[in-house]
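Novice: Please see the structure below; I have some questions.
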There are 2 protein chains.
Amino acid sequence: MKKFSQASKEELGVLREELIAEFEKIKENPVKLDMSRGKPGEDQLELSEELITCLGPDEYMAGGIDCRNYGGLDGLPEMKKILADILHFKPQQIIVGGNSSLSMMFDSIASNMTHGVRQGKPWSKQGDIVFLCPVPGYDRHFAICEYFHIKMIPIPMNENGPDMDIVENLVSTNDKVKGIWCVPKYSNPEGIVYSDETVRRMASLKPAADDFRIYWDDAYTIHHLYGKTACILNILDECEKAGNPNMAYVFASFSKVSFSGASISCIASSESNAEYIKSRLKIQTIGPDKINQLRHVKFFKDANGVLAQMDKHAAILRPKFDLIHEVLRRELAPYGICRWTKPEGGYFISFYSEKGCAKKIVERCKQCALTLTEAGATYPYGNDTDDSNIRIAPSYPSLEELKKALHVFCLCVKLVSAEKYLDD
Amino acid sequence: MKKFSQASKEELGVLREELIAEFEKIKENPVKLDMSRGKPGEDQLELSEELITCLGPDEYMAGGIDCRNYGGLDGLPEMKKILADILHFKPQQIIVGGNSSLSMMFDSIASNMTHGVRQGKPWSKQGDIVFLCPVPGYDRHFAICEYFHIKMIPIPMNENGPDMDIVENLVSTNDKVKGIWCVPKYSNPEGIVYSDETVRRMASLKPAADDFRIYWDDAYTIHHLYGKTACILNILDECEKAGNPNMAYVFASFSKVSFSGASISCIASSESNAEYIKSRLKIQTIGPDKINQLRHVKFFKDANGVLAQMDKHAAILRPKFDLIHEVLRRELAPYGICRWTKPEGGYFISFYSEKGCAKKIVERCKQCALTLTEAGATYPYGNDTDDSNIRIAPSYPSLEELKKALHVFCLCVKLVSAEKYLDD
């Protein structure tokens, strides 16, 4: 078969009939698989089996702290040390939270909405404020903005990160622009790693609004797939150097390191920001779950223990990514109807169909009981103007399941694309 | 020695000298004890020793749910069942949270501030809003209000709960009144149990504001000290009966059941409110820590398991409360310079000195390294107009330590009171 763009309507019509026949067969014998989220698979969760049992009945003290009782707003010193070593920050810059870094991001925005940035004017009292959203990006970030009625401006990404010319221009000229979402390493869903220049330019922004903040979601900071984890510049250091010491909040978690639903998360920022955040936490909570932190400390021992675990995750995930590349290359590449990213880490492959096909492909897959991330979800307001991007999340299914899912996916891509060419 | 009110200045002067001498001696050999918070003692924490180890390496499934992975916004069905049985609600009315019910209260208020009650006008856009605060009450409730710039009106308590005449009048005539804080059972710090009439009148309020809400902090719902736990009317049922089905949010936790810093909490309300809360949680979090919930389910098994544990807590706490009553009766009662509550449950004794003495007593104790709850903390803005109330929290020290602490406390009460009478 040749490229669809070079095929005749007759050829495409015949192909369409064949594909429809196969599609109907699969619909009767559906795959029943949910690939909508970046959920770790069971084999990945099993890597942390000992986390459940690693504490003995008498192990509840950490230094002089009884982890069972109240207190300790910013986390166990041992846990902070591990996170600081991984993220290359100082322990004083880190506040350890509960099991969800998303909650910490949400709370940071909620705090700025009602109380302003460092006691500045609350964002909620500044009219229509704006966040810059590099696209495609993470739907949960966009959902938080939408929830708080924060307007979103999509920013195109290039191979080095967000287009910094556009970012600089908007941030420096519009004081309604209060924030930008960044996933700086193995970005969701593109897998892009921010270049040194991007990080430096980000840290050196001259915002028109003095309450502008960078939301640096370092979700995949040690989540490589091949060889070693990419090294990017330290955003807090760069902000400090550029005279913007308080401009960035960094978020990270062990959701894809230990147990996705029962791990630990953190926010890191300047020491002065950390103190400010603690002044809110003092009102807000009796402190994080220190027993769970102690489990993580005991299980991982130190940053090296965490990094060793990440190699094991990579070994499990790598074949899944490789399989996708292999199947897409074999099944779809010859027809010239798509392109996709080949990330070195993270949890996703970002797939681009022909324009106007993504929604239909996801819908066709759903009819075969294969649930993908909603088309458009990777754009603010679900609005992918090209209707082209689909986020593929290969982590949860087994290799066998993934093989079946890819067969369905490729079938649906071919079918929808053929129909598009036939309609043209 | 006779009552201070009947003693001569000479008698009081002599006593004062004796007390000062003893005070100076103690200051040199201080007790070093923190009784400022209702922290469970070590012996209480040890009751839950097995919570740390009760799960085996293969125990992570609950029904069909993998507790290690993402998901399950409202908590494990088994955990909800236990909470529902304890609180006499339906599981569908309950959302299980993390380790801090305080966080859930904070978040509920934060949500109403920015998004309004059930999508009504945000509280933050309604000018100076007001919460009613039965006094003396819980300082952390007041701190949340202060943080959100919510004005607080103190409401006197009587033996049946808040003075409902005043509450009804304010709530029905002032649409700025948006909430009331209630600790309906063994209230903090009075130990008052709301009468059936109080609960009924609370549920039957006819608020001027349709976004008025009752914050029902059932922190001590099963925390009896003597015999059986008091039974109060079910606020959600009463609200439903009174035609106010969505008016109350109930909060509870296992902070003083299992591990104070590593337990579970919940919010309960009408099913329709619960659905609304979930719509926020969906944006806010990847779900609560289900592994910790599973530990609690395995450890307690069911509501009876929890209640049996509460009897053990009571057995540890009872002698501490008894000791306080005994010492205060012996050391202070004869002088007619104070009164105190004798609660049937909860974590505090509410002590009333002569007017104008509380701050000085707490300060004197501090000089002997005995830290009490700040005087005034039990009133909004720290403003105890009588300067009389002191919250005694006997749970954390051992009986031996408590004996020493009480000695210091009684000495300081006598000293400050004698000085007051000498100054009059």
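Novice: Inspect the stretch A:221-238 for any residue being more than 20 Å from A:F348 (Cα to Cα), touching a Phe, Trp or Tyr at 6+ places or on another chain (Cβ under 7 Å) and charged (D, E, K, R) and give the result as yes or no.
Specialist: no
Novice: I'd like to check which helices (runs of 4 or more DSSP H) are fully inside the stretch B:1-93 and have at least 1 residues that are assigned by TED's automatic domain parsing to the domain that holds B:S398, surrounded by fewer than 19 Cβ atoms within 10 Å (Cβ to Cβ) and touching a residue at least 40 places away in the same chain (Cβ under 8 Å).
Specialist: Fully inside the stretch B:1-93 and qualifying: B:9-28.
Novice: Kindly indicate whether B:T198 is in a loop (DSSP other than H, G, I, E, B), among the polar types (S, T, N, Q) and within 22 Å of the chain's Cα centre (by Cα). Please lay out each step first, then the result.
Specialist: Values: in a loop (DSSP other than H, G, I, E, B): no; among the polar types (S, T, N, Q): yes; within 22 Å of the chain's Cα centre (by Cα): yes.
No.
Residues checked against (1) within 14 Å of chain B (Cβ to nearest Cβ); (2) closer than 30 Å to A:D423 by Cβ:
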site	(1), (2)
A:E22	no, yes
A:L51	yes, no
A:C54	yes, no
A:D58	yes, no
A:G63	no, no
A:K81	no, no
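Novice: Right, here's the next one. Working carefully through the options A:K25, A:K39, find the one that is at pLDDT 95 or above, closer than 21 Å to A:K366 by Cα and within 33 Å of the chain's Cα centre (by Cα).
Specialist: Only one candidate passes the filter, namely A:K39.
Novice: Assess whether A:I291 counts as being of a type in the set (V, I, T), over 30 Å from A:Y421 (Cα atoms) and in contact (Cβ under 8 Å) with a residue 12 or more places away in the chain.
Specialist: Here the answer is yes, as A:I291 does meet what is asked.
Novice: While we're here: Could you look through the stretch A:380-424, keep only residues that are of a type in the set (S, T, N, Q) and not in a helix (DSSP H, G or I), and pick out the one that is surrounded by the fewest Cβ atoms within 10 Å (Cβ to Cβ)?
Specialist: A:T385
Novice: Filter the stretch A:227-247 down to residues that are assigned to a loop (DSSP other than H, G, I, E, B) and buried (at least 23 other Cβ atoms within 10 Å of the Cβ), then give me how many there are.
Specialist: Summing the residues that are assigned to a loop (DSSP other than H, G, I, E, B) and buried (at least 23 other Cβ atoms within 10 Å of the Cβ) in the stretch A:227-247 gives 1.
Novice: Here's another thing I want to ask about it. Could you go through the stretch A:203-226 and let me know if any residue there is under 18 Å from A:A393 (Cα atoms) and in a strand (DSSP E or B).
Specialist: Checking the stretch A:203-226: at least one residue is under 18 Å from A:A393 (Cα atoms) and in a strand (DSSP E or B).
Novice: Next question. So if I check each of B:K256, B:K228, which one is charged (D, E, K, R), under 21 Å from the mean Cα position of the chain (by Cα) and at pLDDT below 95?
Specialist: Result of the check over B:K256, B:K228: B:K228.
Novice: Among A:A84, A:A110, which is at pLDDT 95 or above, touching a strand residue (DSSP E or B) at 6+ places or on another chain (Cβ under 7 Å) and small (G, A, S)?
Specialist: Working: A:A110 fails: touching a strand residue (DSSP E or B) at 6+ places or on another chain (Cβ under 7 Å).
Of A:A84, A:A110, the one residue that is at pLDDT 95 or above, touching a strand residue (DSSP E or B) at 6+ places or on another chain (Cβ under 7 Å) and small (G, A, S) is A:A84.
Novice: Give the stretch A:276-309 a look and list any residue that's assigned to a helix (DSSP H, G or I), more than 7 Å from chain B (Cβ to nearest Cβ) and charged (D, E, K, R), or say none.
Specialist: A:K278, A:R280, A:K282, A:R295, A:K298
Novice: Given the conditions (1) surrounded by 23 or more Cβ atoms within 10 Å (Cβ to Cβ); (2) within 14 Å of another protein chain (Cβ to nearest Cβ); (3) among the polar types (S, T, N, Q); (4) in a helix (DSSP H, G or I), and given that A:N273 satisfies all but one, which numbered condition is not satisfied?
Specialist: Against the list (1) surrounded by 23 or more Cβ atoms within 10 Å (Cβ to Cβ); (2) within 14 Å of another protein chain (Cβ to nearest Cβ); (3) among the polar types (S, T, N, Q); (4) in a helix (DSSP H, G or I), A:N273 comes up short only on (2).
The values are calculated or read from the model by the stated rules, or taken from the named source; none is laboratory data. Source: prediction; values computed, not measured. When we count neighbours, we look across all protein chains shown, and the Cβ atoms used for this are built from the backbone with ideal geometry, even at glycine.
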